[in-house]
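Okay, so here's the structure we're looking at.
The values are calculated or read from the model by the stated rules, or taken from the named source; none is laboratory data. These numbers were taken from a predicted model, which means no experiment stands behind them. Virtual Cβ from ideal backbone geometry, glycine too; neighbours counted across all protein chains shown.
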Amino acid sequence: MEPHGFSFFTAVKISTTMVIDSDLLDKVSEQAKASSRLRMNYNFHQSLDEKCHRFLNAVEPGTEVPIHKHPTKDETFVILRGKVRVTTHNDDGSIIDDVVLCAEEGRYGVNIPKGVWHTIEAMEENSVIFECKEGPFVEHEVDGILNVEKK
């Protein structure tokens, strides 16, 4: 059973090497487009209990990722294709940093320290990022989502 609100599938190990190529990115992007959430994870870890979570996150324009934080985990995003905005926020929702990841423009990734509010926004179709963070999977608690009024 998938955790609440998450769409993903896990890579099946068929050899010692898993190649991340355009075919895989296309496959995950197509699944994201077909998802009501407009995003899809492709997990390289075999279990949500593993100590290190490594996955592709295909995101499409219009996907909504709430501002959230991981109290005990750093999180790293590396752009593989497309353009994705990453923002970090203060407790009141105001923006601390606003970074657009785009390999063609030389901005490849960010590391978000534990306890920092953040969100991502797909700025182009077929955008895919590689994410890495400590496991095991812990669903966001009520205080893990920042509720701010939209102006």
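Please determine whether any residue of segment 128-148 is over 20 Å from ARG54 (Cα atoms), at pLDDT 95 or above and among the acidic types (Asp, Glu). Scanning segment 128-148, I find no residue that is over 20 Å from ARG54 (Cα atoms), at pLDDT 95 or above and among the acidic types (Asp, Glu), so the answer is no. Test ALA58 against the criterion of being touching a residue at least 40 places away in the same chain (Cβ under 8 Å), buried (at least 21 other Cβ atoms within 10 Å of the Cβ) and either within 13 Å of the chain's Cα centre (by Cα) or not in a helix (DSSP H, G or I) (or both), and give yes or no. So ALA58 passes the test. Report yes if some residue within segment 91-103 is within 22 Å of GLU30 (Cβ to Cβ) and more than 14 Å from the chain's Cα centre (by Cα); otherwise report no. The answer is yes; a qualifying residue exists.
Residue under question is GLY109, and the condition is that it be at pLDDT 95 or above and either farther than 26 Å from LEU25 by Cα or of a type outside the set (D, E, K, R) (or both); does it hold? When the stated conditions are applied, GLY109 passes them. Count of segment 90-118 residues, restricted to those that are closer than 17 Å to THR72 by Cα and surrounded by 14 or more Cβ atoms within 10 Å (Cβ to Cβ), is 4. Counting just the residues of segment 61-90 that are among the charged types (D, E, K, R) and not in a loop (DSSP other than H, G, I, E, B), which one comes out modelled with the lowest pLDDT? Ranking the qualifying residues of segment 61-90, first place goes to GLU75.
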